[in-house]
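To keep things clear, I will list the structure first and then write my remarks on it.
The values are calculated or read from the model by the stated rules, or taken from the named source; none is laboratory data. Everything quoted here is computed from the prediction, not taken from an experiment. Ideal geometry is used to build each Cβ from the backbone, glycine not excepted, and the neighbour counts take in all protein chains shown. Remember, those area values only see protein heavy atoms, side chains included, never the ligands or the DNA or RNA. Shrake-Rupley method; radii C 1.70, N 1.55, O 1.52, S 1.80 Å.
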Amino acid sequence: MPQGSILLVHGTGVRLGKYEKSLEVAEKTASECSLGRNLFPCAWGDSLGVEFEGLSLPDVPTAEVELKAEEDLAQWIWILDDPLVELSLLGIPDGSAANAGVLNPEGPTPAEQNLEQVRAYAPSLEFRQLLARGGLEDVWEPARTRILSDKVTERAFEASEHEPQEAFRALARALVAQLHVEAISRSRPALSAVHREKLVQRLLIDWKQQVFGISDRFLKFVARAGTRYVRDRRNALNAVAALPLGDVLLYQTNGAKIRSFIKSKIESCPAPVTIVAHSLGGMACVDLLALGDIPQVDGLVTLGSQSSFMHEIGSLSSLKPGEKLREGFPRWLNVFDRNDFLSFFASRIFPNAIDFEVASGQPFPESHSAYFGNEFVWTRIRSFITGRE
């Protein structure tokens, strides 16, 4: 059998500079996996993808506004993920309490008195109105019980006896975060930032513990671990959303030109050709091969592709809803990563597809572009090409 070739078709939002780097990584990793076939480029994005300067995007905020928004979002990301996180940090003794380690034989300690105050709290009219605004009346009690019954809360008040306002503030935020968790678990809408802050402030007013700001310990933790994470996530997600979304919309309305471009590249490659197509490129190749036979193509590999999802919702260009692939459709290996939210299982929609799961260990969206440098992907492709399934 002739050696053949591999045509590497890029996905949505990719332009030449980024594609050349991906091709270089793919060639190196494929060579290290002894693939034994030459890779040929199929870079359709520059000539057929959308042009986007970003003029429709909002202006970048001032550095001060941006920093404040980043810090607030970072704090709530941590707290909404684990409502007890701020209290748990307060619960680490810092040894600064004047009466640390001293027993009070005459009655409850100040920490115990503070805890008893919040345990006895009956929601005020204003707080009940805030709960009602979010449809949260029935989740207050479960949220309250969950937070106040945890030993983390008790330890936080004990360790913050010299600065009880910190503990009250952290407790208010924990209760509101738990309200959010309880609401989401019941398929209720998430709380807005404004609503969250009003709930927090009302609790502090009702407890007569109104204080501004958050604990120094938590602020330092977030500044170190959180703000940079949020900024990096936002920048990465913006990169995922602009050009890629435009390319997807363009393909849905004018995919024939992209498919024609890919077909011409296939015909210029030494046969037999294995197509390795990423993301939207995979969807275009499925459409192309479903519409007619291309004799040079021996197999199709899709990486992080949406073909099965699009067909399930009736939006794949080449097939009507529920329609099966034509007889003679090439062998198909579909590679997906559970951390890649743009990759999908294919064989339940297309029974002739072979699904192969990889774990990049990357968060989204990095996981969506991590296939080309993954040796397990290329080793599996080698087995696919040689027929050693």
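Would you mind stating whether Glu116 is open to solvent by 70 Å² or more (accessible area, probe 1.4 Å), in contact with a helix residue (DSSP H, G or I) (Cβ under 8 Å, 6 or more places away or on another chain) and without any contact (Cβ under 8 Å) to a residue 12 or more places away in the chain? Even if it seems obvious, please write down each step before you answer.
Numbers: open to solvent by 70 Å² or more (accessible area, probe 1.4 Å): yes; in contact with a helix residue (DSSP H, G or I) (Cβ under 8 Å, 6 or more places away or on another chain): no; without any contact (Cβ under 8 Å) to a residue 12 or more places away in the chain: yes.
Considered against the rule, which asks whether it is open to solvent by 70 Å² or more (accessible area, probe 1.4 Å), in contact with a helix residue (DSSP H, G or I) (Cβ under 8 Å, 6 or more places away or on another chain) and without any contact (Cβ under 8 Å) to a residue 12 or more places away in the chain, Glu116 comes out as no.
Test Gly373 against the stated conditions and say whether it is modelled with pLDDT under 90 and on the phi > 0 side of the Ramachandran plot. In short, no. Here Ala100 fulfils each of the conditions (1) under 10 Å from Ala159 (Cα atoms); (2) in contact with a Lys or Arg (Cβ under 9 Å, 6 or more places away or on another chain); (3) at pLDDT below 80 apart from (2). Residues in the range 356-368 that are open to solvent by less than 70 Å² (accessible area, probe 1.4 Å), closer than 16 Å to Ser279 by Cβ and at pLDDT below 90: Ser360, Phe364, Pro365, Glu366, Ser367, His368. Within the range 369-389, work out how many residues are assigned to a helix (DSSP H, G or I) and either in contact with a Pro (Cβ under 9 Å, 6 or more places away or on another chain) or open to solvent by less than 60 Å² (accessible area, probe 1.4 Å) (or both). Residues that pass the stated criteria total 8.
Pairing each residue of the range 151-169 that is acidic (Asp, Glu) with any residue that is open to solvent by less than 10 Å² (accessible area, probe 1.4 Å) and not in a helix (DSSP H, G or I), provided the two are 6+ apart or on different chains, yields C-beta distances under 9 Å for Glu163/Ser215; Glu166/Ser160; Glu166/Ser215. Scanning the range 184-204 for residues that are in contact (Cβ under 8 Å) with a residue 40 or more places away in the chain, out of contact with any Gly (no Cβ under 7 Å at 6 or more places or on another chain) and part of a helix (DSSP H, G or I) yields a total of 6. Looking for something surrounded by fewer than 13 Cβ atoms within 10 Å (Cβ to Cβ), out of contact with any Gly (no Cβ under 7 Å at 6 or more places or on another chain), in a loop (DSSP other than H, G, I, E, B) and not hydroxyl-bearing (Ser, Thr, Tyr) - is there at least one such residue anywhere in the range 300-316? The answer is yes; a qualifying residue exists.
Counting only residues that are assigned to a helix (DSSP H, G or I) and crowded, with 23+ Cβ neighbours inside 10 Å, the range 267-299 holds 9 of them. Cβ separations smaller than 7 Å between residues 6+ apart or across chains give the following pairs from the range 81-97 residues that are in a loop (DSSP other than H, G, I, E, B) to residues that are modelled with pLDDT of 90 or more and among the charged types (D, E, K, R): Leu84/Asp150; Gly91/Arg155. In the condition set (1) in contact with an Asp or Glu (Cβ under 6 Å, 6 or more places away or on another chain); (2) hydroxyl-bearing (Ser, Thr, Tyr); (3) modelled with pLDDT of 90 or more, Thr302 is compliant with all but (1).
Is there a residue in the range 55-77 that is modelled with pLDDT of 70 or more and touching a Pro at 6+ places or on another chain (Cβ under 8 Å)? There is no residue in the range 55-77 that is modelled with pLDDT of 70 or more and touching a Pro at 6+ places or on another chain (Cβ under 8 Å).
Any residue that is within 23 Å of the chain's Cα centre (by Cα), open to solvent by less than 10 Å² (accessible area, probe 1.4 Å) and among the small types (Gly, Ala, Ser) - is there at least one of those in the range 333-355? Yes: the range 333-355 contains one or more residues that are within 23 Å of the chain's Cα centre (by Cα), open to solvent by less than 10 Å² (accessible area, probe 1.4 Å) and among the small types (Gly, Ala, Ser).
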